[in-house]
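**Student:** Just passing along the structure, written as structure tokens.
Please treat every number below as a calculation from the coordinates, not as lab data. What you see is a predicted model, and the numbers here were worked out from it, not measured in a lab. A quick note on method: Cβ atoms are made from the backbone with ideal geometry, for glycine too, and the neighbour counts reach across all protein chains shown.
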Amino acid sequence: MNKFISVNDVPDLAAMLNLVQDIKKDPFSKKKLGENKTLGLIFFNPSLRTRLSTQRAAINLGMNVMVMNVGTEGWALEFEDGAVMNGTKAEHVKEAAAVMSQYCDIIGLRSFPELKDRETDYSEKVFNKFVQYCTVPVVSLESATLHPLQSFADLLTIHEHKKKARPKVVLAWAPHVRALPQAVPNSFAQWMCAADVDFTIAHPEGMELDEKFTGGATIMHNLQEALLDADFVYVKNWSSYKDYGTPLLNADDWLLTEEKMKTTGQGYIMHCLPVRRNVELSDELLDGPRSLVIKQAENRMYTAQAVLQSILEELHANPNPLLWSERISSFYD
Amino acid sequence: MNKFISVNDVPDLAAMLNLVQDIKKDPFSKKKLGENKTLGLIFFNPSLRTRLSTQRAAINLGMNVMVMNVGTEGWALEFEDGAVMNGTKAEHVKEAAAVMSQYCDIIGLRSFPELKDRETDYSEKVFNKFVQYCTVPVVSLESATLHPLQSFADLLTIHEHKKKARPKVVLAWAPHVRALPQAVPNSFAQWMCAADVDFTIAHPEGMELDEKFTGGATIMHNLQEALLDADFVYVKNWSSYKDYGTPLLNADDWLLTEEKMKTTGQGYIMHCLPVRRNVELSDELLDGPRSLVIKQAENRMYTAQAVLQSILEELHANPNPLLWSERISSFYD
Amino acid sequence: MNKFISVNDVPDLAAMLNLVQDIKKDPFSKKKLGENKTLGLIFFNPSLRTRLSTQRAAINLGMNVMVMNVGTEGWALEFEDGAVMNGTKAEHVKEAAAVMSQYCDIIGLRSFPELKDRETDYSEKVFNKFVQYCTVPVVSLESATLHPLQSFADLLTIHEHKKKARPKVVLAWAPHVRALPQAVPNSFAQWMCAADVDFTIAHPEGMELDEKFTGGATIMHNLQEALLDADFVYVKNWSSYKDYGTPLLNADDWLLTEEKMKTTGQGYIMHCLPVRRNVELSDELLDGPRSLVIKQAENRMYTAQAVLQSILEELHANPNPLLWSERISSFYD
């Protein structure tokens with residue numbers, strides 16, 4: 001694997017699931033693999049779970065980690081080609097990405113959408129520009145439209161808890177107090193459609209996701225009907241894709257409760273966290289025995305480790321007669 | 001040791017002092033102990049000495065360290081049970097603590113008091129809620145009411161410099177320009193009362209500390225009388241416990257000077273730092289030969305190392321037939 | 001080497017260039033040298049390249065690194081002797097520097113000028129006070145008036161690309177939208193004057209640098225004339241030294257373009273980054289084959305490694321019969 005930006009970068013999902021289960025049994029067995037390799041984690045937006053889980057994953061592999069919070073520690077970047085940079089932006093992404101590639105063997109990058117202009121966000125302008133000028137493998141720590149490390153952990157959690165070969169998985173829209181990106185639900189849908197599950201998305205009318213990620217899913221607008229016989233219910237808010245970035249407020253009837261879960265046949269509850277208790281999900285569900293949310297978070301570490309291990313193996317397999325510095329420069333040639 | 005939140009977590013003070021003196025002689029002798037173990041340092045409030053000394057202590061033990069400044073890098077946490085989270089708080093401590101426990105083997109936590117409501121601060125609500133939902137050992141990096149890593153370093157410094165078996169130690173209130181927590185003096189009093197010293201607290205009337213920490217101490221309101229024959233003078237400001245959080249201003253006569261120290265019989269000067277020069281203590285004392293303030297700071301590293309070593313030894317002693325991930329989840333069961 | 005604050009700390013430039021070229025061939029050959037040594041990187045001002053390159057250099061040497069952003073993570077320091085600290089400054093540099101020296105084996109420090117009072121900045125008050133109270137070797141990560149790690153990387157880049165024994169190097173002033181320090185051009189001039197190059201500085205009248213750094217350079221006010229037959233053109237903005245801290249605005253005719261470079265005989269383009277595209281330098285030059293800017297950035301890592309290696313070797317050579325803690329305290333005795 002030479003990058004991890006969406007499910008499409010995974011050549012074989014089943015093999016990846018096997019790999020991560022081996023890693024869970026012995027997380028430190030590949031510490032030689034990361035020796036003398038450094039992971040740079042670049043955050044244009046804040047992070048808790050993703051930062052700590054990915055950092056720990058790299059540590060388990062024997063890598064060193066350098067964390068850079070660009071917002072607070074760095075400076076504003078210019079992304080436009082040909083810009084006359086006489087404003088507040090101090091550096092062009094061309095230099096920033098190329099320079100960071102000199103110091104890191106793998107770069108993890110987080111860049112949220114602005115939720116103002118759909119075309120800009122969905123072109124993944126910031127993320128793609130950065131990747132374009134990086135000369136080392138890039139791992140998405142959540143981009144404007146996708147969050148593949150989260151979805152991989154979600155798939156693993158389902159894989160570990162499913163009681164039938166092809167479980168019913170429901171992605172259930174939930175209320176929230178502010179406008180959230182579509183990255184998590186887009187990505188979850190993309191991974192579920194790639195995996196062998198019976199996949200339903202339940203959301204209020206008008207909250208459709210981009211069809212490019214939901215092909216193969218059953219779409220329903222009645223939450224209670226969607227939940228029938230569900231094995232896994234993945235709860236998540238998102239703002240509108242159609243009326244781009246607008247939050248749907250006053251939708252309290254979409255709060256998921258124990259009462260609504262009764263028709264699911266003991267379905268598990270999932271959420272990517274952070275979760276707004278008693279707004280998205282009731283306390284009773286989150287604190288109850290069928291909540292998988294902490295296990296999902298734990299799996300973030302092991303799935304990130306599987307991704308980094310796969311990339312490190314490719315870096316090692318690529319024979320390197322050149323100087324280390326020259327190898328990096330020619331990685332994408 | 002499976003946590004370090006107050007002096008009560010130390011089963012044997014004399015044994016701990018012996019351990020830290022062994023560590024000082026050879027700080028790197030236990031590097032195998034921390035192998036594959038990660039310390040998470042979580043700061044709700046900023047830190048310099050505590051962060052660097054604890055980070056270095058962990059490094060000396062072969063641990064990896066992940067630092068998270070929650071204020072600037074993370075988000076506001078909810079601490080109320082049953083809250084409907086429709087405000088600005090993005091995550092409940094239940095999830096935050098449980099999730100961080102997945103990625104760390106030991107967690108260090110700093111959380112200052114708000115100095116608004118005494119009951120809230122003295123119930124250690126933030127700290128205790130966090131510990132409650134952590135599933136790994138927790139080390140206090142200073143809580144609302146105590147700072148045990150500082151006090152341990154203070155005790156070691158006294159132990160190393162005392163010239164008689166039972167030295168006279170004076171905790172002397174000092175002026176400051178703003179309202180400070182009582183955590184350092186509370187904790188120092190608690191440790192001095194647990195150790196074998198002749199302990200006096202000198203403060204202006206009305207600046208009494210919580211009696212639960214000062215039992216066994218002699219309380220005096222005349223600084224000069226208190227200093228008589230003192231072997232160690234620990235200088236520290238705190239705001240009022242009675243009139244909670246109110247600073248005592250215009251108390252310049254409590255500034256400690258060489259002149260006032262004359263009756264002490266060459267007593268040593270101590271301060272936890274940062275110190276306001278010529279407000280709390282005069283330059284001549286801080287720059288003079290009897291100042292131990294830099295040695296106290298140095299001892300922060302070795303005492304933190306003794307605490308982490310004791311916790312690591314318990315983690316290793318605890319036989320672990322389960323998967324690593326399962327052991328963590330069951331640590332407090 | 002026991003500090004690295006200017007070119008004057010390098011006993012033999014040619015030997016240092018040889019060392020760094022050995023390092024580039026095998027960056028991990030000295031990993032034992034940094035074992036059990038910790039580098040503290042203290043930033044009073046933000047950093048991207050310097051932080052990441054120096055951190056990676058230390059990692060390559062087997063060191064541990066602790067990064068402290070004093071602005072956002074710490075507190076304001078007092079630098080005046082004898083100050084009555086009743087204002088907003090929470091700690092005196094005397095304590096801060098002495099304390100950090102307890103936890104680190106080498107300290108890297110960044111402190112920008114205020115560009116308000118020339119005498120204050122050019123006395124390097126902040127930097128020198130810090131160094132004065134440090135008890136371990138200090139590496140400048142850019143001070144008010146110099147940036148030696150940058151200049152060393154610049155010299156290496158010239159050394160690697162020169163086609164004649166004594167190349168012509170031109171430092172060309174360039175426009176910018178705000179007032180920048182003189183640290184990079186001062187330092188570049190100091191290193192070029194110490195090395196064996198034909199060195200010209202081109203700037204608008206009134207933008208003279210401090211003569212103490214430019215002795216030996218040819219000064220010209222006509223950019224086009226200065227560029228004639230240049231082998232290397234180092235582009236950089238700075239604010240006025242004479243009319244201290246004032247930026248020279250509306251000087252678009254100093255923007256460097258392909259057209260202006262025609263008389264140089266295929267001269268290379270250099271810049272320390274970050275660069276304002278199409279304000280300082282045109283896109284065509286930055287994206288063209290003669291741009292060395294990314295190679296300069298890469299060389300930052302290797303030159304920092306040479307500096308750290310030289311300091312580590314001195315730390316090891318200095319026999320140490322004392323306790324580790326005592327050795328540190330006595331380093332500058």
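**Student:** Using the Karplus curve 6.51 cos²θ - 1.76 cosθ + 1.60 with θ = phi - 60°, what ³J(HN,Hα) values do you get for each residue of segment A:191-197, in whole Hz, with x for Gly and Pro?
**Tutor:** With the stated coefficients, segment A:191-197 comes to 6, 5, 5, 7, 9, 9, 10 Hz.
**Student:** Next question, about the same structure. Report the Cα centroid-to-centroid distance between segment C:40-83 and segment A:151-180 in angstrom, as an integer.
**Tutor:** One Cα centre to the other: 42 Å.
**Student:** Pairs of alpha-carbon atoms within less than 8 angstrom and 6+ residues apart define the contacts here; what relative contact order does chain C have, in percent?
**Tutor:** It comes to 20 percent, rounded to a whole number.
**Student:** Report, for B:Asn250, each distance to the same residue's label point in the other copies, shortest first and in nm; define the point 7 Å along Cα→Cβ.
**Tutor:** Relative to the other copies, B:Asn250 has label-point distances of 5.6, 5.6 nm.
**Student:** Which of A:Met16, C:Met220 comes first, and how do the rest follow, when ranked by fewest Cβ neighbours within 10 Å?
**Tutor:** C:Met220, A:Met16
**Student:** Just for segment B:1-108, what percent of DSSP beta bridges are antiparallel, to the closest 5?
**Tutor:** Bridges in segment B:1-108 are about 0 percent antiparallel.
**Student:** Additional query: Could you state the principal axis extents of the C-alpha atoms in the protein assembly as shown, from the largest down, to the nearest angstrom?
**Tutor:** Computed over the Cα atoms, the extents are 84, 83, 47 Å.
**Student:** Using a 10 angstrom cutoff on alpha carbons, build the Gaussian network for chain A and name the most mobile of A:Leu77, A:Leu48, A:Leu228.
**Tutor:** Among A:Leu77, A:Leu48, A:Leu228, the largest mean-square fluctuation in the Gaussian network model of chain A belongs to A:Leu48.
**Student:** List the distances, in nm to one decimal, from the label point of C:Cys193 to the label points of the same position in every other copy, shortest first, placing each label point 7 Å from Cα along the Cα-to-Cβ direction.
**Tutor:** Distances to the matching label points in the other copies: 6.6, 6.6 nm.
**Student:** Would you please give the FRET efficiency between B:Ala179 and B:Glu205, computed as 1/(1 + (r/R0)^6) with r the Cβ-Cβ distance and R0 = 25 Å, to the nearest 0.05? Let's see the in-between values first.
**Tutor:** Working: r = 18 Å, r/R0 = 0.72.
After rounding to 0.05, the efficiency reads 0.90.
**Student:** Would you mind checking which residues have amide H under 5 Å from C:Leu41's amide H? H placed 1.01 Å from N; only 5 or more apart, or other chain.
**Tutor:** Residues meeting the amide H criterion: C:Met66, C:Val67, C:Met68, C:Gly108.
**Student:** Separate question: Whole-Hz ³J(HN,Hα) for each residue in segment A:32-43, computed from phi via Karplus 6.51 cos²θ - 1.76 cosθ + 1.60 with θ = phi - 60°, x for glycine and proline: what do you get?
**Tutor:** 6, 4, x, 4, 6, 10, 10, 9, x, 10, 10, 10
**Student:** Is there a quick way to get the dipole size of segment B:149-291? I mean about its Cα centre, with the Cβ of Lys and Arg at +1 and of Asp and Glu at -1; what is the value in debye to the nearest 20?
**Tutor:** Approximately 300 debye in magnitude.
**Student:** To continue, here is another question. Considering amide H positions built from the backbone, and no H for Pro or chain starts, which residues 5 or more places from A:Ala174, or on another chain, come under 5 Å of its amide H?
**Tutor:** A:Lys236, A:Asn237, A:Trp238
**Student:** Can you classify segment A:40-79 as rounded, prolate or oblate using the Cα gyration tensor, where a ≥ b ≥ c are the square roots of its eigenvalues, rounded means a/c under 1.5, and otherwise it's prolate if a/b beats b/c and oblate if not?
**Tutor:** It is prolate, given that a/c is not under 1.5 and a/b is the larger ratio.
**Student:** Can you give me the Kirkwood hydrodynamic radius for segment B:149-291, using every pair of distinct Cα atoms, in Å to one decimal?
**Tutor:** Over segment B:149-291, the inverse of the mean reciprocal pair distance is 14.9 Å.
**Student:** Continuing with the same structure: To the nearest 10 degrees, how steeply does helix C:293-317 sit against the main Cα axis of chain C, on a 0 to 90 scale?
**Tutor:** Tilt relative to chain C: about 30 degrees.
**Student:** Using a 7 Å offset from Cα along the direction of the beta-carbon, what are the separations from B:Asp210 to the same position in each other copy, nm, ascending?
**Tutor:** Distances to the matching label points in the other copies: 5.3, 5.3 nm.
**Student:** Need one number: nm distance between label points at C:Gln132 and B:Glu259, each 7 Å from Cα along Cα→Cβ, rounded to one decimal.
**Tutor:** For the pair C:Gln132/B:Glu259, the computed spacing is 2.7 nm.
**Student:** Which order do A:Asp231, C:Asp22, C:Asp9, A:Asp121 fall in if you start with the one that has the fewest other Cβ atoms within 10 Å?
**Tutor:** C:Asp22, C:Asp9, A:Asp231, A:Asp121
**Student:** ³J(HN,Hα) across segment C:205-212 via Karplus (A = 6.51, B = -1.76, C = 1.60, θ = phi - 60°), whole Hz, x for Gly/Pro?
**Tutor:** The phi angles translate into 4, x, 9, 4, 8, 4, 4, 5 Hz.
**Student:** Please report B:Asp252, A:Asp154, A:Asp105 as a ranked list, fewest other C-beta atoms within 10 angstrom at the top and most at the bottom.
**Tutor:** In order of increasing Cβ crowding within 10 Å: B:Asp252, A:Asp105, A:Asp154.
**Student:** May I pose another question? For a quick check: with amide H placed at 1.01 Å from N, whose amide H comes under 5 Å from B:Leu256's, ignoring anything fewer than 5 positions away on the same chain?
**Tutor:** B:Leu281, B:Ser282
**Student:** Turning to a different aspect of this structure: Treating only the Cβ atoms of Lys and Arg (+1) and Asp and Glu (-1) as charged, compute the dipole magnitude of the protein assembly as shown about its Cα centre; round to the nearest 20 debye.
**Tutor:** About 1980 debye.
**Student:** Only helical DSSP H runs with n ≥ 4 go in: add -39500 (n - 2.57) per run for chain C, normalise by residue count and round the 222 nm mean residue ellipticity to 500 deg cm²/dmol.
**Tutor:** -11000 deg cm²/dmol
**Student:** Along Cα→Cβ, 7 Å out, is where each label goes; now give me the distance between the ones at C:Leu249 and C:Asn8 in nm to one decimal.
**Tutor:** Between C:Leu249 and C:Asn8, the label points sit 3.7 nm apart.
**Student:** Kindly express, to the nearest 10 degrees and within the range 0 to 90, the angle between helix C:49-60's C-alpha long axis and the longest C-alpha principal axis of chain C.
**Tutor:** Rounded to the nearest ten degrees, it is 50.
**Student:** In addition: May I ask you to compute the full-extension gain from A:Lys163 to A:Asn86, defined as 0.36 nm times their residue separation minus their alpha-carbon distance, rounded to one decimal in nm? Can you show the working numbers first?
**Tutor:** On the way: separation 77, 0.36 × 77 = 27.72 nm, distance 5.99 nm.
So the chain would gain 21.7 nm between A:Lys163 and A:Asn86.
**Student:** Related question: If one takes the longest principal axis of the Cα atoms in chain A, at what angle in degrees, from 0 to 90 and to the nearest 10, does the Cα axis of helix A:148-161 lie?
**Tutor:** 50 degrees
**Student:** Going from the alpha-carbon gyration tensor of chain A, what semi-axes, largest first and in whole Å, does one get by taking the root of 5 times each eigenvalue?
**Tutor:** Equivalent ellipsoid semi-axes, largest first: 35, 25, 16 Å.
**Student:** Place a label point 7 angstrom from the Cα of A:Glu314 along the Cα-to-Cβ direction, then list the residues of segment A:89-131 whose backbone nitrogen is under 13 Å away.
**Tutor:** Zone members listed by number: A:106-107.
**Student:** Starting from the alpha-carbon convex hull of segment C:50-122, give the projected area averaged over all orientations, in nm².
**Tutor:** For the Cα atoms of segment C:50-122, the hull's average projected area reads 6.5 nm².
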